[in-house]
Amino acid sequence: MNDDLFESLIEVIATLRSENGCPWDREQTHKSLKSTLIEETYETVEAIDSEDPSKLKEELGDLLLNVMLQAQIAAENKDFTINDVIETLTEKLIRRHPHVFGNVQVDNAEDVVNNWEKIKSQEAGYEDRKSVLDGIPIALPALLRGQKIQKRVARVGFDWDHISDVIDKVDEELAEVKESLKDSDVDAIENEIGDLFFSVVNLCRFLDLQAEETLRRTNRKFINRFKRMEDVLENHGKSISDQTLAELDEIWEEVKKDE
């Protein structure tokens, strides 16, 4: 990293937060920036999906801005500085990679993850974690959090042996959803659909797929198909709201064939 560039960025952020700086930046707090941080994270993920380097460069900058603002607020509170953040991160990376910076031998990525977890458990701030499931962020998207939960319990042996068992569980949960619909009990239906979601997430995990990304991909696919269907109708001078479901389904199938 160019030290001059980094120092210039620190100065810019400090100026924005100064008495004569930007009113918006000056009134921000750690908590007020939470939603912005989440938003910028998702925009960065979207930029990665776009495979557009210039867009990714811009979104990474916006994400870095949030980190710098948080660090500047902490510095003003005499808590820590951005240099402390970098130093802490550097020390942690070295400590948690003894197979790179030390003499520990690993055979594969699984060994790396196991060592990582063991090292984490011995660090300050982790001593109060009693359960295998402690420490999984509550604010994670539900699919991502569900998969992390399943990975944690799988590490201690709470897992299916064969994929056929996982598929059977999906079938079982779907059957229970169908059964719950008979009684029109909203709470029961919600519980059973939640169980179905969880079992499908587990199927993704078992296949080494990311459930969150799998659904994101399907969302993108659906949006693209629907927009093309709208274009087809517009080209024929028709409105989507005037079509029957059968007519829309026919166009949908034609759109799928063109992929």
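Only the coordinates and a few stated rules stand behind these numbers; no lab work does. Please read all numbers here as calculations on a predicted model, not as lab measurements. Cβ coordinates were reconstructed from backbone atoms using ideal geometry, including for glycine residues, and neighbour counts include every protein chain displayed.
For the residue pair Ile136 and Leu93, what label-to-label distance in nm results when each label sits 7 Å from Cα along the Cα-to-beta-carbon direction?
Distance between the two pseudo-spin positions: 2.8 nm.
In whole Hz and in residue order, list the ³J(HN,Hα) couplings for region 10-26 that follow from phi through the Karplus curve 6.51 cos²θ - 1.76 cosθ + 1.60, θ = phi - 60°; x for Gly and Pro.
4, 5, 4, 5, 5, 5, 4, 8, 6, 4, 9, x, 8, x, 5, 4, 5
Can you put Val201, Val166, Val132 in order, fewest other beta carbons within 10 Å first?
Val132, Val166, Val201
Which of the following values of log10 I(q)/I(0) by the Debye sum over Cα atoms at q = 0.08, 0.10, 0.14, 0.15 Å⁻¹ was calculated from the structure shown: [x] -0.37, -0.55, -0.97, -1.09; [y] -0.56, -0.85, -1.28, -1.33; [z] -0.30, -0.48, -0.93, -1.05?
Identified label for the calculated read-out: [y].
Once fully extended, how much extra length lies between Asp4 and Ile193, figured as 0.36 nm per residue of separation less the alpha-carbon to alpha-carbon distance?
That pair, Asp4 and Ile193, stretches by 62.6 nm at full extension.
Any chance you could get the radius of gyration and Dmax over the Cα atoms of region 3-95, in Å?
According to the Cα coordinates of region 3-95, Rg and Dmax are 14.4, 42 Å.
About the Cα centre, and with charges only on the beta carbon of Lys, Arg (+1) and Asp, Glu (-1), how big is the dipole of the chain? Nearest 20 debye, please.
Rounded to the nearest 20 debye, it is 700 debye.
How far, in nm, would the chain grow between Asn235 and Ile48 when pulled straight, counting 0.36 nm per residue and subtracting the alpha carbon separation?
Gain on extension, Asn235 to Ile48, equals 64.1 nm.
For region 129-209, what is the Kirkwood hydrodynamic radius in Å, using each pair of distinct C-alpha atoms?
Its Kirkwood hydrodynamic radius stands at 13.7 Å.
When we measure straight from the Cα of Lys256, which lysines land under 20 angstrom away, once same-chain ones fewer than 8 places off are left out?
Qualifying lysines at Cα under 20 Å: Lys221, Lys227, Lys238.
Extension gain Glu253-Ala154, at 0.36 nm per residue separation less the Cα-Cα distance, in nm?
Going from the current span to full extension adds 31.6 nm.
Can you tell which of Arg26, Arg216, Arg228 shows the greatest fluctuation in a Gaussian network model of the chain with Cα springs below 10 Å?
Arg228
What value, in deg cm²/dmol to 500, does the helix sum -39500 (n - 2.57) over DSSP H runs of n ≥ 4 give at 222 nm once divided by the residues of the chain?
Using -39500 (n - 2.57) per qualifying helix, the result is -23000 deg cm²/dmol.
For Val113 and Arg217, what does the FRET efficiency come to when R0 = 35 Å and r is the distance between their Cβ atoms, rounded to the nearest 0.05?
Computed FRET efficiency for Val113 and Arg217: 0.90.
How far is it, in nm, from the label point at Lys55 to the one at Lys78 when both lie 7 Å from their Cα along the line to the Cβ?
Label-label distance for Lys55 and Lys78, simple model: 4.6 nm.
Based on alpha-carbon centroids, what's the gap between region 1-53 and region 154-193 in Å, whole number please?
Their Cα centres are 43 Å away from one another.
Once each part is reduced to its C-alpha centroid, what is the distance from region 233-251 to region 76-118 in angstrom?
Cα centroid of region 233-251 versus Cα centroid of region 76-118: 56 Å apart.
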